[in-house]
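I have placed the structure first, in the form of structure tokens, so that the comments after it can refer back to it.
Bear in mind that the values in this text are calculations on the coordinates, not laboratory data. Note that the coordinates shown come from a computational prediction; the quantities given were computed from them, not determined experimentally. Note: ideal-geometry Cβ built from the backbone for every residue, glycine included; neighbour counts use all protein chains shown.
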Amino acid sequence: MSKQVISTPVIRRLPRYYRFLGDLERENVERISSRELAQRMGLSASQIRQDFNCFGGFGQQGYGYHVKELREIIGGILGVNERTGVILIGAGNLGKAIAAHVDFEKRGCNLIGIFDSDPLLAGTSTAGLPIMPMETLNSFCSQHHPQVAVLCIPKDAAQALTDELIAFGIGGFWNFSHFDLRVNNPDVIVENVHLGDSLMTLAYCMHHSTDEE
Ligand code: NAI
């Protein structure tokens, strides 16, 4: 497969393809045309073909897509079979919910450590992992080399902690702290997540007509 830069909107659609193909597999659907897949996903068939062409194109003329194969290929692109080490910082309401309810393994990640600055939480556990004090973060990172940090801390603490974590070797941030992180290092990837933005998008769409209607 030739190495080309894939646009962010295409990358953002891949997990959705992966999810829909998983549903189709569970329904024992063996193959599907781009038109049928488009209908199910609320996309156009040409959009789907264009997206898949970014990776060399997966379908066969007149046959459509082999669901299981396509899901495996997209899963491979998304790295779901990798075992990326993940730590979570901030074991409050949100951190505990994410640790308990996000299926990290299914997405190619292993949640291997949870940290919090509250001494009252040290020694307790969540999602089957002990909550560790921040003082042990450096030595934990040297020993276990996690690559990704999930930030569930208040926004005031986010930037300083991020700089520290980069120095400890963290290269990816799944940031829930309601603060859009600034990182100058081009090798560090940040995914800022704001559930409220998604809700506001919904609210907007309910009050305005959009292209998709
Ligand atoms: P919380 O107060 O229940 O938990 C925060 C935890 O972070 C506490 O256990 C605290 O001891 C710990 N903490 C604080 N500073 C720390 C530091 N420097 N290092 C390590 N641990 C530290 O708060 P909650 O409800 O869990 O929310 C956490 C953050 O996530 C808040 O900033 C909140 O605004 C944000 N949030 C973001 C959402 C999103 O969609 N992005 C949705 C909900 C909350």
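For the chain, the antiparallel share of DSSP beta bridges with both residues in that region comes to about 20%.
When the GluC sites (Glu not before Pro) in region 79-179 are filtered for DSSP coil states and for at most 13 other beta-carbon atoms within 10 Å of their beta-carbon, the remaining sites are 82. Here the calculated FRET efficiency for residue 29 and residue 201, from their Cβ-Cβ distance with R0 = 30 Å, stands at 0.50, rounded to the nearest 0.05. Looking at region 62-160, what % of the alpha carbon pairs are farther apart than 22 Å? Looking at region 62-160, the distances longer than 22 Å represent 38 percent of pairs. Note on the chain: Cα-only Rg and Dmax are 19.9, 62 Å.
With the Cα gyration tensor of region 106-147 giving a ≥ b ≥ c as the square roots of its eigenvalues, does the rule (a/c under 1.5 for rounded; else a/b larger than b/c for prolate; else oblate) give rounded, prolate or oblate? Working shown, then result.
Numbers: a/c = 2.86, a/b = 1.28, b/c = 2.23.
In terms of gyration-tensor shape, oblate.
Are there trypsin sites (Lys or Arg not before Pro) in region 72-120 that DSSP marks as loop and that have at most 10 other Cβ atoms within 10 Å, and which are they? Hits after loop and neighbour filter: nothing returned. Taking only the alpha-carbon positions of region 89-211 and ignoring solvent, what does the Debye formula give for the base-10 log of I(q)/I(0) at q = 0.10, 0.13, 0.14, 0.16 Å⁻¹? Log10 of I(q)/I(0), two decimals: -0.34, -0.56, -0.64, -0.80. Applying 1/(1 + (r/R0)^6) with R0 = 41 Å to the Cβ-Cβ distance of residue 41 and residue 155 gives a FRET efficiency near 0.75.
In percent, rounded to a whole number, the relative contact order of the chain is 13, using alpha-carbon pairs under 8 Å and six or more apart.
Stretched out fully, how many nm does the piece from residue 142 to residue 16 gain, at 0.36 nm a residue minus the Cα gap?
Working: separation 126, 0.36 × 126 = 45.36 nm, distance 3.47 nm.
The residue 142-residue 16 span can extend by a further 41.9 nm.
Determine the calculated [θ] at 222 nm for the chain from helices alone, applying -39500 (n - 2.57) to every DSSP H run no shorter than 4 residues and normalising by the residue count; nearest 500 deg cm²/dmol. Calculated from helices alone, the mean residue ellipticity at 222 nm is -13000 deg cm²/dmol.
Would you tally the net charge around residue 15, using a Cβ to Cβ cut-off of less than 14 Å, leaving residue 15 out, and scoring K and R as +1, D and E as -1? Write down the numbers at each step before the final one.
Working: positive: 12, 13, 16, 19, 71, 106, 107; negative: 23, 51, 103, 191.
My count for the surroundings of residue 15 gives +3.
Each of the peptides 31-41, 147-157 was scored by the mean count of other Cβ atoms within 10 Å over its residues; in descending order, highest first, they stand as 147-157, 31-41.
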